[in-house]
Amino acid sequence: MSTTKQVTFAATAVAVALGLVTLSACGSSGGDSSSGSATESKNVTLISHDSWAVSKDVLAAFEKQSGYTVKVLKDGDAGQAVNKAILTKDNPQGDVFFGVDNTLLSRALDNGLFQSYEVKDAAAILPAYRTDDDKHRVTPIDTGDICVNYDKAWFSEHKLTPPESYDDLIKPAYKDLLVTENASTSSPGLGFLLGSAAKYGDDGWQDYWTKLKANGVKVVDGWEQAYNEEFSGSAGGKKAKGDRPLVVSYASSPPAEVIFADPKPSTAPTGVSTGTCFRQIEYAGLLSNAENATGGKALLDFLVGKTFQEDMPLNMFVYPVREGAQVPAEFTEYGPQAKDPETMAPAKIAEHRDQWVKSWTSLVLK
């Protein structure tokens, strides 16, 4: 869930998202986790993007059991939060960073953002979401699909069939209807770019975006602005609804629209163009130079525990990565994962991402 992974319904989007275990004052470490003072603080600080959310009782139970008080610092869209964390890595603002996804992971690792720590329940994480990093610098926390969402009422009123694929989005029928996020600052925006690169190849994606630009795609800085200000189908925005019936968001956005509506509709007011999805995985890690490394390890253990993993879907609208973690029925009913999303190997993302973003910026924003 990229990136990330929601609407102003719970903690905000997405794109795109664990149980109390017996926690001790120390955890197993795979590396340089000697950070922290002789008298460890009982405060542990989590840095995250703006979509972080957890039920109060779940967090309170962790604090009571572990003895730590959790402070949360929300630092904007995922891309912005990661960039800021890298710039401040020598004197970090917190102990744990949550929300770096597979689109930005190599940037964080290459810049030494995290130190090694293997969580106690690492074996419970589904193999499909684990990294091949033998230093255990990050831990998978959630997954979700970055996809184009559509406003059902708008398309019904205009007697137009919603787009189903990337190819559909460049057709004249959908001119001036799509809003997406800036690929250089936004996790879902970057995920949408990578999805198009996976679909059309290293060379073909630029031609695709040339056509998408000619078809009137609108680009804004982040998910919050795109979904809650520009998108016509959002119920979560504080401002008046926008006029764009297509938005790059998450496959899990429709259930959020249902769950937080009052009264609840019988069906979701928004839908997902399932042929436009890119699979996102979000990670958390112990920050290098963390002031309270011991507390950070306890917090990471908590994030992969069954209680938090099962609390997560209805708070951040992402899927758990822990084997056996249950997902609420209404979540799966209105926001099932894409059956065949676009994916890309982390090594390829690392090799091409920065150049692709640079080329995308020159092509789309100038």
TODO: Run down 242, 216, 144 and say which single residue is more than 30 Å from residue 285 (Cβ to Cβ), touching a Lys or Arg at 6+ places or on another chain (Cβ under 7 Å) and not in a helix (DSSP H, G or I).
DONE: 216
Open item on the list: Which count do you get for residues in the stretch 258-299 that are touching a helix residue (DSSP H, G or I) at 6+ places or on another chain (Cβ under 7 Å), modelled with pLDDT of 95 or more and of a type in the set (D, E, K, R)?
Closed with: 0
- [ ] Output the residue which, of all residues in the stretch 191-249 that are farther than 20 Å from residue 345 by Cα, touching a strand residue (DSSP E or B) at 6+ places or on another chain (Cβ under 7 Å) and aromatic (Phe, Trp, Tyr), is surrounded by the fewest Cβ atoms within 10 Å (Cβ to Cβ).
- [x] 231
Open item on the list: Take residues that are among the small types (Gly, Ala, Ser) and tell me which of the helices (runs of 4 or more DSSP H) falling wholly in the stretch 256-366 contain 3 or more.
Closed with: 293-303, 346-364
Task: Subset tally (residues that are of a type in the set (S, T, N, Q), crowded, with 24+ Cβ neighbours inside 10 Å and touching a Ser or Thr at 6+ places or on another chain (Cβ under 9 Å)) for the stretch 293-312 - done: 0
- [ ] Could you name every one of the helices (runs of 4 or more DSSP H) located completely within the stretch 50-119 that has at least 3 residues being under 15 Å from the mean Cα position of the chain (by Cα), modelled with pLDDT under 95 and crowded, with 24+ Cβ neighbours inside 10 Å?
- [x] 78-87
Open item on the list: Here is a check on your reading of the model: is residue 120 in contact with an Asp or Glu (Cβ under 8 Å, 6 or more places away or on another chain) and not assigned by TED's automatic domain parsing to the domain that holds residue 249?
Closed with: yes
Open item on the list: Show the residue pairs meeting these rules: Cβ distance below 7 Å; 6+ apart or different chains; first residue within the stretch 309-333 and basic (Lys, Arg); second residue modelled with pLDDT of 95 or more and in a helix (DSSP H, G or I).
Closed with: 322/124; 322/306; 322/309
Task: Subset of the stretch 313-366 (residues that are small (Gly, Ala, Ser), over 19 Å from the mean Cα position of the chain (by Cα) and surrounded by 13 or more Cβ atoms within 10 Å (Cβ to Cβ)) - done: 359
Open item on the list: I need the full set of residues from the stretch 313-329 which are aliphatic (A, V, I, L, M) and touching a helix residue (DSSP H, G or I) at 6+ places or on another chain (Cβ under 9 Å), in order please.
Closed with: 314, 321, 325, 327
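The values are calculated or read from the model by the stated rules, or taken from the named source; none is laboratory data. In this text, all values refer to a predicted model and were calculated from it rather than measured experimentally. Glycine also receives a Cβ, built like all others from the backbone with ideal geometry; neighbour counts cover every protein chain displayed.
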